[in-house]
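Below: the structure, in C-alpha cells.
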Amino acid sequence: MTEKKIVETTCKSCHGGCGVLVEVTDGVITHIEGNPDSTTGGTMCAKGLSSIQHIDNPYRIIHPYKRAGEKGEGKWKQISWDEALDTIAVKIKEATEKYGPWTVATSQGTGRGYNRYTHRFSRSMGSANVISPGYICHSPRIGLYGLITGYGRLYCDYHGWGGEFPKTQISWAKQLEISSADSEMCYWYMKSLDYCKNLIIIDPRATAYTSRATLWLQIRPGTDAALALGMINIIIQEGLWDKEFVDNWTYGFEELKKRAAEYPVEKVSEITWIPKEKIIQAARLFAQDTPGVIQIGSSLERQANCGQTLRAIIDLMAICGNIERPGGMVSWVLPETGLIEDVFNEIPLTDEMRSHIYGGDKFKMGAARTCNPDTIIREFNKGEKPIRVWISVGGQQIVHMANTKQVVEGLKKVDFMVQVDQFWGPMAEMSDIVLPAAHWLEMDDIYDMHPRWFIEAHNKCVDPPGEAKSDAWIFNEIGRRVVPDYWFKDVETLLDYELRKAPITWKQFSEKIISGCFGPDQVYYKYKTDYWRKGGGFPTPTGKLELYSTVLENLGYDPLPYFEEPGESPFSTPELTKEYPLVLTTGFRSPFYFLAQYRNIPWLRSFMEYPTMQVNPETAKELGIEDGDFVWIESPRGKIIQKARLFPGIDPRVVAATANWFYPEAPAQGYRGVFISNPNVLTDNNHQDPMYGSPDLTCLLCKVYKCQPEELKDPQYAGIFTTEHGGKPWAW
Ligand code: SF4
C-alpha cells in the first residue's frame, strides 16, 4: 500500500528560510511547494522548487573518497567514513603539534548554518583562521552596523509591525525582487511596496523594478561612497536632516558635515556619471519622505572601498532619523532561543588566536572573527605555508575569490585539503579527501541565517543517498576525534544544546517549526529606553550613534567616510583605460543560480545555459558584436568567454558579466572549467579595502571582442561549447 506523508520544513537552497511542504511517497519526494502558513506565505523561488532534481542528481557525491592521483587529475579511490575521518583527525593533530593550531583552517561557502560548525570547530582547536566569503558578502555591513550603532545588525522594517511602513525605499545594488538570498525578506519587501511612495533604485543596470521606480540612479560601478556623501551634503546644506535625532543621539555631526562638504553635487555627478538633478531629488526624497530604508546589496562589499561606502550609507540612514523607528532600519529582538551562533561565540577568541589571524594586522575590521583569504593565497605564492590543513565545507573559494589563477596556484601548495560537498567542483578536485554532504531535504538542522526575529526547523524528509551525511554530523564526528570535550554524543544532542536557552528540545522544535519574536513583541526606539544602556543611548563608546567613529579612529583608520576610486578605473588608471576601455562589473545575481551553485540542475540550467555579458547595443555595434555572440572579456590578468546580451539598460561605457561560473560538466582537469568563463580570472587580488580586505570584484577595466567560431572548437572546450560528446551533459 502506498504511504504518503507531508513534511513541514524550511528551504535552504539559498541562505534559506522559505517555509516548504514536502510530499513524500513511499520514502521518495514526489512534490514540493511553499507552505502558505509560513513566514513566506507559500512563495518559493525556482532554486528551492528544483530541489527534487538536486537530490536525485546522478552526479552527486555519495561516498567518501581520497585522491589517487595528482591534484586536479580527477583520480579518486572510494574509502570508508572511518578511514576518512581518522585520516583527517591524524593530519589535524600532526599539524597542530608541529606548526600550531592556527595552521589548521576551516573554510565555507556562503552562510548555510554550517557557519556555526566551522567557527566552533576552529575555536575549539585554538584557531581563528576561518576562511569565510563574508568579507565579500555581508560581514562588512554587519561589522559596521556594530561599530556605528553598537548593535550588529540593522534590517529594513518592511513589516509594518510598529504601525508604519517605509515611505521611501532605496534599493542600493540589490534586486530582492528577483533573487533574495534571505527568503522572507523578498516576500515582505514586495508586500511593503504597496505602501511605498518613493522607490529609488541605485544600480549600474536597469533592473526588474527600475520601470516602476520613482528614480533610477544609474551609477558608475565602484563610486557608491561618493554618491552617499554627496546625498549627505545636500541634506545638510538644505537643512533637511532630522535635528532631534542628530542633536540628541549622534556623535560627530559637525565633523561629518565638514567631510560631506568635500562632495558637492557637481563633483559627485562627475564621479558617479549620475545627472546632478537626480542626486538632488533622491537626497530630498530620502530626507523628507520618512520613514525610509536602504536595502544594501553585496556588490558594495565586493569593492575595495567597501568599508567607507557602507559607513557613508549608514550615516545617511542615521542623519535622516531612520534608525530604530517603525518603517526604518531596525535591529530585531531575537527569538526566545537567543543567538544560535552562541554555540561558537561561547568559545572566546584568545589573544594568541587573534595574533595568528592571517591578515589581521592589516585588515583589522575583517579580523574580528575571520582571516583574510587573499593574504593566505599571497603567502602560499611567496613560498610560505600559512595553512597546513584546510577543511572546506560547501564553498568554492577557487570560483569566488579574486584572481583565479593565483588562487589555484596557491591552493596547490596546501599540504592537506578536505572538501565537504554534494557535487564535484573545483574545490573538490583540489582536495585530498572529499566527503559527501546531505541536502537540506535530507537533514535535521536549525535555520538561523543572519540572526533576526525568527529561527526555523530544517526537518529531514528522506534519507540521503549512499553515505552522505549532514554538515553537523561531519563536524561533530571530526570534533569528537580531535577535541572531544567540545563536541556531542550525536547531532540531536548538539541541536538540543543550541536550543537550550528557550528552553526547547530539538524534537519539540521540529514539530513547532518556527520560533520567533513576532510583531507585537518587537521593540522600537530602543535607544530611548534602558534597553542598551541605563538612561538610554546606543551601546557605543560615546553612548551615541557614531557618525564619527571613535573605534575606527583608535584602530588608525579615518573615523569619517570618504570615497576612493576603484583600483582600476578611467580616472585612477587612465593609461590602462587606453587598452581596456570598458568598465566591467560582475555583481548581478541570477534568479536561477545561487553564487556558484546549480549549473548542474537541468531545469535551472535550461533558463541560462551560458553566462551572459550585458552590453549596450551602441557599444556592441562599435565592437561588431551581435546578440548571442560568444565574446572574449579580457583584463590585464586574463581572458574569459561569455555570451553577449545586447541590453539598452546598461551604460555604453560599462559591461556586466555573470559572476561565479564554472562548468560542472567539464572534466576534472582544468578544475571543472573554472578558467573558461569565471570573471574572477579577470579580477585583481591586490587592491583591497583597508578595513576588511575586500578586493574590487565588481569594478575593474576590460576590453571585449568577438570570439571566433573556430576558437570555441578548441579541444579544451569539448562538451561545453561543442556537442560532440553527446550534447549537454548537464541535461541528464
Ligand atoms: S528564496 Fe531561498 S529559501 Fe526561498 S525558495 Fe528560494 S532558495 Fe529556497
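The values are calculated or read from the model by the stated rules, or taken from the named source; none is laboratory data. Model, not experiment: these values are computed from the prediction. Counting neighbours? That spans all protein chains shown, and the Cβs are built from the backbone with ideal geometry, glycine included.
Remarks
- Scanning region 160-195 for residues that are away from the ligand (no atom under 16 Å from the Cβ) and surrounded by fewer than 21 Cβ atoms within 10 Å (Cβ to Cβ) yields G160, W161, G162, G163, E164, K167, S192, L193, D194, Y195.
- The set of residues from region 509-527 being exposed (fewer than 14 other Cβ atoms within 10 Å of the Cβ) and either modelled with pLDDT of 95 or more or of a type in the set (K, R) (or both) comprises E511, K512.
- Residues of region 497-532 classified as closer than 24 Å to A318 by Cα and among the polar types (S, T, N, Q), total: 2
- For the criterion of being out of contact with any Lys or Arg (no Cβ under 9 Å at 6 or more places or on another chain), within 16 Å of the ligand (Cβ to nearest atom) and among the acidic types (D, E), D37 passes.
- Of residues in region 1-12 being over 21 Å from the mean Cα position of the chain (by Cα) and surrounded by 19 or more Cβ atoms within 10 Å (Cβ to Cβ), the one nearest to the ligand (Cβ to nearest atom): T9
- Tally, over region 25-75, of residues that are in contact with a Gly (Cβ under 6 Å, 6 or more places away or on another chain) and of a type in the set (D, E): 0
- Of residues in region 13-30 being of a type outside the set (A, V, I, L, M) and either more than 25 Å from T110 (Cα to Cα) or in contact with a His (Cβ under 6 Å, 6 or more places away or on another chain) (or both), the one farthest from the ligand (Cβ to nearest atom): D26
- Taking residues in region 1-25 that are free of Cβ contacts under 8 Å to residues at least 40 places away in the same chain and acidic (D, E), and partners anywhere that are away from the ligand (no atom under 12 Å from the Cβ) and part of a loop (DSSP other than H, G, I, E, B), the pairs with Cβ atoms closer than 7 Å and at least 6 places apart or on different chains are E3/D26.
- Considering (1) in contact (Cβ under 8 Å) with a residue 12 or more places away in the chain; (2) more than 27 Å from the chain's Cα centre (by Cα); (3) under 29 Å from Q688 (Cα atoms), the lone condition that E266 does not fulfil carries the number (1).
- Scanning region 412-427 for residues being within 23 Å of T96 (Cα to Cα), of a type in the set (A, V, I, L, M, F, W, C) and in a loop (DSSP other than H, G, I, E, B) gives a total of 1.
- Any hit, region 530-539, residues being surrounded by 21 or more Cβ atoms within 10 Å (Cβ to Cβ), over 25 Å from H159 (Cα atoms), in the same structural domain as A318 (by TED's automatic domain parsing) and not hydroxyl-bearing (S, T, Y): no
- Every residue from region 387-411 that is among the hydrophobic types (A, V, I, L, M, F, W, C) and part of a loop (DSSP other than H, G, I, E, B): I387, M401, A402
- Of the residues making up region 68-81, those that are over 18 Å from E467 (Cα atoms) and either in a strand (DSSP E or B) or out of contact with any Phe, Trp or Tyr (no Cβ under 7 Å at 6 or more places or on another chain) (or both) are G69, E70, K71, E73, G74, K75.
- Within region 432-448, if we keep just the residues that are more than 22 Å from the chain's Cα centre (by Cα), in a loop (DSSP other than H, G, I, E, B) and of a type in the set (D, E), the residue that is nearest to D157 (Cα to Cα) turns out to be D444.
- Taking the numbered list (1) under 16 Å from Y447 (Cα atoms); (2) of a type outside the set (A, V, I, L, M); (3) modelled with pLDDT of 95 or more in turn, T40 passes all entries but (3).
- The number of residues in region 515-552 that are over 30 Å from T505 (Cα atoms), touching a strand residue (DSSP E or B) at 6+ places or on another chain (Cβ under 7 Å) and of a type outside the set (F, W, Y) comes to 6.
- Residue in region 609-626 that is closer than 23 Å to A666 by Cα, surrounded by fewer than 17 Cβ atoms within 10 Å (Cβ to Cβ) and in contact with a helix residue (DSSP H, G or I) (Cβ under 8 Å, 6 or more places away or on another chain) present: no
- Annotation: of all residues in region 30-54 being assigned to a loop (DSSP other than H, G, I, E, B) and in contact (Cβ under 8 Å) with a residue 60 or more places away in the chain, the one that is farthest from G19 (Cα to Cα) is S50.
- Residue match in region 137-145 (condition: at pLDDT below 95 and within 16 Å of the ligand (Cβ to nearest atom)): yes
- Qualifying residue in region 50-61 (condition: in the same structural domain as Q422 (by TED's automatic domain parsing) and within 12 Å of the ligand (Cβ to nearest atom)): no
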